[in-house]
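*Asks:* Have a look at the structure that comes next, please.
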Amino acid sequence: SAATPKIADYPFTTLAPHLGIVDLPDYRRFVMADLPGLIEGAHAGHGLGDRFLRHVERTRVLLHLVDPMPLDGSDPVANYLQIREELRAYGRGLADRPEVLAVTKADVWPPEGPPGDVLSRLAAAADRGVHPVSAVTGQGLQGLLREVVHVLSEAPPAPDVPDGIATTDEGGDAAGS
């Protein structure tokens, strides 16, 4: 998409949701939202998590990006499961939304894959396939996009969410999401 979220080499770089339009062949398109990461307790209002989760309520499909080598040394699979628990605890059907999983930074993995057998452990924990991708080289992005489009085509309509949820771009302008 043409979205321009702030990116950096540290966790929780994204501080506000950003929207971008993904253009597809045959004049099709969809809106993708880049949402800030969640912390433990987000469902109860820790950090800005409950505000972010309200944005997630408007989604039809979740694309979960997993960092295979977190800077804090934490286990990526445990991190993924914690986010899934936050979605479940928040309720409102978020844990039941269709989901696509991607493991990022494939361009910096050793030849045998990410450390700790992250791909197979994550696939087993999530009971679904996992897409290895690199935003830097583009590796795996077309396959990931095809999967997102497929899942989106089968997903139910987005639920009605009360108005008043807005995103803020880096210039401070608000846009309905």
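*Asks:* Scan segment 25-34 and tell me whether some residue there is modelled with pLDDT of 80 or more and hydroxyl-bearing (S, T, Y). Full working, then the answer.
*Replies:* Looking only at segment 25-34, we keep the residues that are modelled with pLDDT of 80 or more, and these are 25-30.
From the residues that got through so far, the ones that are hydroxyl-bearing (S, T, Y) too are 27.
The answer is yes, given that some residue of segment 25-34 is modelled with pLDDT of 80 or more and hydroxyl-bearing (S, T, Y).
*Asks:* For segment 122-142, which residues satisfy the criterion of being of a type outside the set (A, V, I, L, M) and within 16 Å of the chain's Cα centre (by Cα)?
*Replies:* Within segment 122-142, the first condition is being of a type outside the set (A, V, I, L, M), and the residues that meet it are 127-129, 131-132, 134, 137-140, 142.
Selection gives R128, G129, H131, P132, S134, G140.
*Asks:* When you check A124 against the structure, is it open to solvent by 30 Å² or more (accessible area, probe 1.4 Å), more than 15 Å from V61 (Cα to Cα) and among the aliphatic types (A, V, I, L, M), yes or no?
*Replies:* Values: open to solvent by 30 Å² or more (accessible area, probe 1.4 Å): yes; more than 15 Å from V61 (Cα to Cα): yes; among the aliphatic types (A, V, I, L, M): yes.
In short, yes.
*Asks:* While we're here: P156: open to solvent by less than 50 Å² (accessible area, probe 1.4 Å), assigned to a loop (DSSP other than H, G, I, E, B) and modelled with pLDDT of 85 or more, yes or no?
*Replies:* no
*Asks:* Show the residue pairs that are 6+ apart or on different chains and have beta-carbon atoms under 8 Å apart, the first residue being within segment 150-166 and among the small types (G, A, S), the second being modelled with pLDDT of 75 or more.
*Replies:* A155/R60; A155/V61; A155/R97; A155/P98; A158/R58; A158/T59; A158/R60
*Asks:* Can you confirm whether segment 159-175 contains a residue that is modelled with pLDDT under 90, within 16 Å of the chain's Cα centre (by Cα) and not β-branched (V, I, T)?
*Replies:* no
*Asks:* Which one is modelled with the lowest pLDDT among residues in segment 53-91 that are basic (K, R) and surrounded by 15 or more Cβ atoms within 10 Å (Cβ to Cβ)? Give the steps one after another, and end with the answer.
*Replies:* Narrowing segment 53-91 to residues basic (K, R): 54, 58, 60, 84, 88.
Checking the rest, the ones that are also surrounded by 15 or more Cβ atoms within 10 Å (Cβ to Cβ) come to 54, 58, 60, 84.
Details: R54: 66, R58: 76, R60: 86, R84: 88.
Ranking the candidates gives R54 first.
*Asks:* Then there's this: Name the single residue, out of those in segment 92-121 being of a type in the set (D, E, K, R) and exposed (fewer than 12 other Cβ atoms within 10 Å of the Cβ), that is nearest to the chain's Cα centre (by Cα).
*Replies:* If we filter segment 92-121 for residues that are of a type in the set (D, E, K, R), which is where we start, we get 92, 96-97, 99, 105, 107, 112, 117, 121.
Those left that are additionally exposed (fewer than 12 other Cβ atoms within 10 Å of the Cβ): 96, 112.
Details: D96: 15, E112: 25 Å.
This residue is D96.
The values are calculated or read from the model by the stated rules, or taken from the named source; none is laboratory data. Bear in mind that the values here come from a model prediction, so they are computed numbers and not experimental data. Because the Cβ atoms are built from the backbone with ideal geometry, glycine has one as well, and the counts that use them run over all protein chains shown. Ligands, DNA and RNA are stripped out before the accessible areas are found, and what is left, the full protein with its side chains, is counted by its heavy atoms. Shrake-Rupley method; radii C 1.70, N 1.55, O 1.52, S 1.80 Å.
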